[in-house]
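Structure first, then comments.
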Amino acid sequence: MAVPRRPKLAVFKFASCDGCQLSLLDCEDELLAVAGRVEIANFLEASRAVAKGPYDMTLVEGSITTAHDAERIREVRSVSRLLVTIGACATAGGIQALRNFGDVREFIATVYATPEYIDTLETSTPIAQHVKVDLELRGCPVSKAQLLEALGAVLHGRKPNLPTYSVCVECKRRGTPCLMVAGGTPCLGPVTQSGCGALCPAYTRGCYGCFGPAESPNTASLGRLWQQLGVSRPDLVRAFRTFNAHAPAFQAASQAHEP
Amino acid sequence: MSPSGRTKSLSVPALARVEGEGGLYVKLKHGAVSEVRLQIYEPPRFFEAFLRGRRFSEAPDITARICGICPVAYQMSAAHAMEDALGVKVEGPLRELRRLLYCGEWIESHALHVYLLHAPDFLGYESGIHMARDHAELVQRGLRLKKIGNQLMTLVGGREIHPVSVCVGGFYRVPSREELRPLAESLRWARDAALDTVRWTAGFEFPDFESDYEFVALRHEREYPMNEGRLVSNKGLDIAISEYTEHFREEQVPHSNALHSVRKGHGCYLVGPLARYGLNFDRLTPLAQQAAREAGLQPVCRNPFQSIVVRSVEALYACEEALRIVESWDPPARPALELTPREGVGHGCTEAPRGILYHRYRLDSEGLIREATIIPPTSQNQKTIENDLWRFVPGRLELAQPELTLRCEQLVRNYDPCISCATHFLKLTLDSQ
């Protein structure tokens with residue numbers, strides 16, 4: 001019987017902090033097992049060995065912020081059977097999408113002494129705005145459990161189980177008392193997608209939205225509640241404008257609260 | 001190779017096993033090095049620009065996103081800078097807890113670099129994963145050590161990448177004695193594993209190569225430095241961190257569009273494990289000192305290839321230090337200090353696994369950030385890396401080109417460069433050709 005070919009896995013990075021691909025190396029207990037089941041064909045953070053495409057599964061970290069990267073992601077797509085975006089940069093433009101709300105020329109002049117050398121786009125945009133994406137893993141960073149779930153699902157040819165409900169569901173499951181109801185602490189949990197395991201409330205901190213908007217988030221209602229708790233409108237704008245600022249629901253919510 | 005055969009170039013378009021995206025270009029003309037460029041094509045993300053107008057309390061979480069490999073370093077430097085601006089000082093158990101969190105990051109980052117990124121160079125593998133096929137037990141030891149670092153960060157900070165529990169003034173939540181206690185057993189194993197790591201890496205073959213570096217690191221009156229101390233060097237520097245910008249500047253060099261950090265009036269310098277170790281050997285624990293000596297290290301090490309041994313010594317120190325904190329942990333009544341916004345300037349400088357990370361902020365009376373400056377370790381080391389390449393290549397021109405290219409690549413990996421960090425400030429880009 002022929003030995004089935006191991007699927008080829010590739011990891012590509014665009015504008016990002018490297019944290020989401022590090023999540024793969026942080027799966028210390030599973031890393032060698034995963035490496036046994038797939039051929040790691042292109043993963044520069046971990047290996048010099050680079051095999052040419054096509055790849056069966058490509059993980060893409062980071063957002064598109066340069067014309068060169070806008071071209072490169074099209075090449076990556078063309079050699080990838082399944083393209084999975086990992087993390088807030090790839091799925092929503094990341095923290096660097098704050099430029100989308102400002103003047104990028106002025107940003108460049110602030111940071112760089114010789115602005116004319118800087119080659120950058122006006123915006124930071126998610127991968128799906130440039131090419132077809134087969135699966136998105138949210139989070140800043142992604143959840144290791146969701147990353148392994150997605151890898152396992154692809155290896156076994158099944159649909160991954162990635163819930164789109166809010167952090168509140170995970171909080172209830174974890175048995176954490178509601179910070180907002182019990183303690184009056186502003187929390188983005190009701191409008192944020194689950195996946196982190198409701199981490200912040202367990203550390204007595206309001207959710208700050210790493211996983212981006214949940215399905216059908218009622219941001220207007222949450223905004224009213226936050227204001228009743230004494231949060232100013234500028235602080236509400238900042239709260240919706242962090243790592244998933246360019247995700248449509250959070251973008252609309254931040255704009256709606258602008259003075 | 002040019003038709004005359006006299007000019008050739010070594011090029012590594014994409015450096016592997018470094019954090020972030022960069023390349024290396026060395027040009028040889030008539031048997032001499034004529035150009036060296038550590039190229040960074042990681043796109044800029046403009047943190048210093050969009051931090052303006054954010055609340056002081058947001059800086060630790062936002063700047064953590066500069067680097068997924070050393071988020072704790074960003075959180076620590078940001079928190080210390082803000083506390084400096086607000087006129088408060090975190091002491092006692094909260095200070096200890098920060099140190100514990102930092103130990104976790106050092107253990108994780110050093111184990112990652114030693115086992116998965118750096119050791120493959122010495123043993124002749126493409127990656128740690130390839131190495132595992134022949135050395136499964138070794139790689140598993142490295143992964144378990146790395147995991148214990150991550151467990152520390154997860155327990156104290158909530159998660160290993162971009163921890164959630166750190167805030168200006170302390171933590172959102174502090175662990176109980178019962179929560180920390182089980183870590184002690186893991187840390188005792190980690191300490192032994194780190195000691196074995198020192199012995200293992202000491203046996204590697206190191207090229208005969210040294211540089212007369214100016215080492216720059218923090219120095220604290222009692223401890224091996226992490227969060228606090230004065231900035232010192234082996235060539236006469238001894239300043240408070242608030243004096244950083246008076247003594248260092250970033251300068252433009254003709255051969256690239258990069259600005260490189262230099263010490264004013266002195267030139268390039270080195271930060272990171274070699275510098276910390278060389279300036280603070282006497283602050284290591286007796287066991288770490290003994291392990292270093294047995295590994296053949298002097299109290300000062302100038303061979304960058306031996307940084308893998310020094311990193312292992314530091315991992316050993318971090319395991320011992322973490323164990324000390326876990327065993328004596330006495331949680332404070334409150335997880336954080338009360339803070340009142342005020343106008344002012346604050347400086348923070350802490351020892352990221354790769355070296356000093358400097359933050360400076362100016363706040364307005366409402367506590368909103370008006371100016372931000374962040375200088376990460378890799379941008380400070382960049383000029384030194386290039387200098388080492390200038391000196392390293394000439395004596396090795398007899399090597400075949402692929403071999404020499406690999407050696408140059410290895411030289412760069414000695415510094416564990418974190419290009420994702422560096423880019424956003426390196427003020428360096430390539431012309432878009």
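General remarks:
- From B:CYS319, B:CYS349, residue being crowded, with 24+ Cβ neighbours inside 10 Å, part of a strand (DSSP E or B) and not aliphatic (A, V, I, L, M): B:CYS349
- Scanning segment B:127-142 for residues that are without any contact (Cβ under 8 Å) to a residue 24 or more places away in the chain and either surrounded by fewer than 19 Cβ atoms within 10 Å (Cβ to Cβ) or not in a helix (DSSP H, G or I) (or both) gives B:ARG133, B:ASP134, B:HIS135, B:ALA136, B:GLU137, B:GLN140.
- Within segment A:1-29, the set of residues being at the interface with another protein chain (Cβ under 7 Å from one of its Cβ atoms) and charged (D, E, K, R) comprises A:LYS13, A:ASP18, A:ASP26, A:GLU28.
- Test: B:SER165 is farther than 23 Å from B:ALA352 by Cα and at the interface with chain A (Cβ under 7 Å from one of its Cβ atoms): no
- Residue match in segment B:71-82 (condition: of a type in the set (A, V, I, L, M, F, W, C), over 23 Å from the mean Cα position of the chain (by Cα), more than 12 Å from chain A (Cβ to nearest Cβ) and crowded, with 24+ Cβ neighbours inside 10 Å): no
- Scope segment A:30-53; condition over 23 Å from the mean Cα position of the chain (by Cα) and either at the interface with another protein chain (Cβ under 10 Å from one of its Cβ atoms) or at positive phi (or both); matching residues: A:LEU32, A:ALA35, A:GLY36, A:SER47, A:ARG48, A:ALA49, A:VAL50
- Qualifying residues in segment B:44-60 (those that are among the charged types (D, E, K, R) and assigned to a helix (DSSP H, G or I)) - the one nearest to the other protein chains (Cβ to nearest Cβ): B:GLU48
- Apart from one condition, A:ARG138 fits all of (1) without any contact (Cβ under 8 Å) to a residue 60 or more places away in the chain; (2) surrounded by 21 or more Cβ atoms within 10 Å (Cβ to Cβ); (3) within 14 Å of chain B (Cβ to nearest Cβ); the exception is (1).
- Any chance B:ALA193 is part of a helix (DSSP H, G or I) and either within 14 Å of chain A (Cβ to nearest Cβ) or surrounded by 16 or more Cβ atoms within 10 Å (Cβ to Cβ) (or both): yes
- Per the listing B:LEU145, B:LEU117, the residue uniquely crowded, with 22+ Cβ neighbours inside 10 Å, modelled with pLDDT of 95 or more and within 10 Å of chain A (Cβ to nearest Cβ) is B:LEU145.
- Of all residues in segment A:238-258 being part of a helix (DSSP H, G or I) and under 17 Å from the mean Cα position of the chain (by Cα), the one that is surrounded by the fewest Cβ atoms within 10 Å (Cβ to Cβ): A:PRO248
- Filtered residue count, segment B:150-176, keeping only those that are in contact (Cβ under 8 Å) with a residue 60 or more places away in the chain, of a type outside the set (A, V, I, L, M) and more than 18 Å from A:THR204 (Cα to Cα): 0
- Residue among B:LEU97, B:LEU152, B:LEU187 that is closer than 29 Å to A:ALA88 by Cβ, away from every other protein chain (no Cβ under 11 Å) and touching a Cys at 6+ places or on another chain (Cβ under 7 Å): B:LEU152
- In a residue-by-residue description of segment A:197-211, the property of being over 26 Å from B:THR63 (Cβ atoms) and out of contact with any helix residue (DSSP H, G or I) (no Cβ under 6 Å at 6 or more places or on another chain) applies to no position.
- Checking each residue in segment B:162-175 for being part of a loop (DSSP other than H, G, I, E, B) and either in contact with a Pro (Cβ under 6 Å, 6 or more places away or on another chain) or aromatic (Phe, Trp, Tyr) (or both) picks out B:HIS162, B:TYR172, B:ARG173, B:VAL174.
- Restricted to segment A:54-68, and to residues there that are in contact with a strand residue (DSSP E or B) (Cβ under 9 Å, 6 or more places away or on another chain) and surrounded by fewer than 22 Cβ atoms within 10 Å (Cβ to Cβ), the residue that is farthest from the other protein chains (Cβ to nearest Cβ) is A:PRO54.
- Per-region count, segment A:202-237, residues within 21 Å of the chain's Cα centre (by Cα), on the phi > 0 side of the Ramachandran plot and surrounded by fewer than 19 Cβ atoms within 10 Å (Cβ to Cβ): 1
The values are calculated or read from the model by the stated rules, or taken from the named source; none is laboratory data. Quantities reported herein were computed from a predicted structural model and do not represent experimental measurements. Because the Cβ atoms are built from the backbone with ideal geometry, glycine has one as well, and the counts that use them run over all protein chains shown.
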